[in-house]
Structure formats: structure tokens, C-alpha cells
1. Quick one: Ala71 ticks every box in (1) in contact with a Ser or Thr (Cβ under 7 Å, 6 or more places away or on another chain); (2) more than 18 Å from Glu22 (Cα to Cα) bar one, so which box is it?
2. Applying the selection to segment 16-58, what residues are part of a loop (DSSP other than H, G, I, E, B) and either under 11 Å from the mean Cα position of the chain (by Cα) or within 13 Å of Leu81 (Cα to Cα) (or both)?
3. Within segment 33-89, how many residues are buried (at least 17 other Cβ atoms within 10 Å of the Cβ), of a type in the set (Gly, Ala, Ser) and in contact with a Gly (Cβ under 6 Å, 6 or more places away or on another chain)?
4. Residues of segment 68-89 being small (Gly, Ala, Ser) and in contact (Cβ under 8 Å) with a residue 60 or more places away in the chain, which ones?
5. Among the residues of segment 74-89, how many are more than 16 Å from Tyr54 (Cα to Cα) and more than 8 Å from the chain's Cα centre (by Cα)?
6. Note down all Cβ pairs under 7 Å where the first residue falls in segment 51-67 and is at positive phi, the second is of a type in the set (Gly, Ala, Ser) and surrounded by 14 or more Cβ atoms within 10 Å (Cβ to Cβ), and they're at least six residues apart or on different chains.
Amino acid sequence: MYSTSIVTKPHRNISARVDLKEIGRRIREIRGFDLTQAEFGLILGLPQTQVSKYELGQSVPTVEILLKLRAYSEKSIDWILTGEEPKTG
């Protein structure tokens, strides 16, 4: 006869806060000073107005845009969203 046991973790409240202005600041940092918003928009497949909305914290980047930003900058999506690198180990 086989017996199994289920291991459960205690429930804990997880809270996450999205700071669009800080995300926008990091997107602006990724763009750097060599590119205009219009040029960066061409790279990301966006109009200049949308890049501006992201940088001003007026719009939330889509998952697709986050992936493009990661590929362009080699920064992690965690860093783009939170300013912190993911914990390893």
C-alpha cells in the first residue's frame, strides 16, 4: 500500500505595487540620450506618442513591449518593472 502526504505552505499575503512613473524612468534610461522617442518607437514598433506615455508613466507597457525592452537593453523585466534584479539561487 502506498501513502502520500501533501505538503502545503502557509498562506501569506503578497502585495505588489506598480509605480508607472518609475517604470517610465527606467524606460527612459534604456532609451538613453542617443535616440529620440520617435527613433526608439521605430525600434519597438510604436508611435512616438506611445513611447512618451510610457516614459511619463501614463500607460502600462504590454508584455510584448517588456520583452522587446529586455531584448534591446539586456536588462531583466524584473528590473524594468521594479528596479531590482531577480534573486538567484
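1. Answer for Ala71: the failing condition is (1).
2. Within segment 16-58, Ala16, Arg17, Val18, Asp19, Gly57 qualify.
3. Qualifying residue count, segment 33-89: 0.
4. Gly83
5. Of segment 74-89, the ones more than 16 Å from Tyr54 (Cα to Cα) are 74-76, 78, 84-89.
Now narrow it down to the ones that are more than 8 Å from the chain's Cα centre (by Cα): 74-75, 84-89.
Residues in segment 74-89 being more than 16 Å from Tyr54 (Cα to Cα) and more than 8 Å from the chain's Cα centre (by Cα): 8 in total.
6. Sorted first by the residue in segment 51-67, then by its partner, the pairs are Gly57/Gly24.
Since every read-out is calculated from the coordinates, none of them should be taken as a lab result. Here the structure is a predicted model, which is why all the values come from computation and not from measurement. Backbone-built Cβ (ideal geometry, glycine too); neighbour counts: all protein chains shown.
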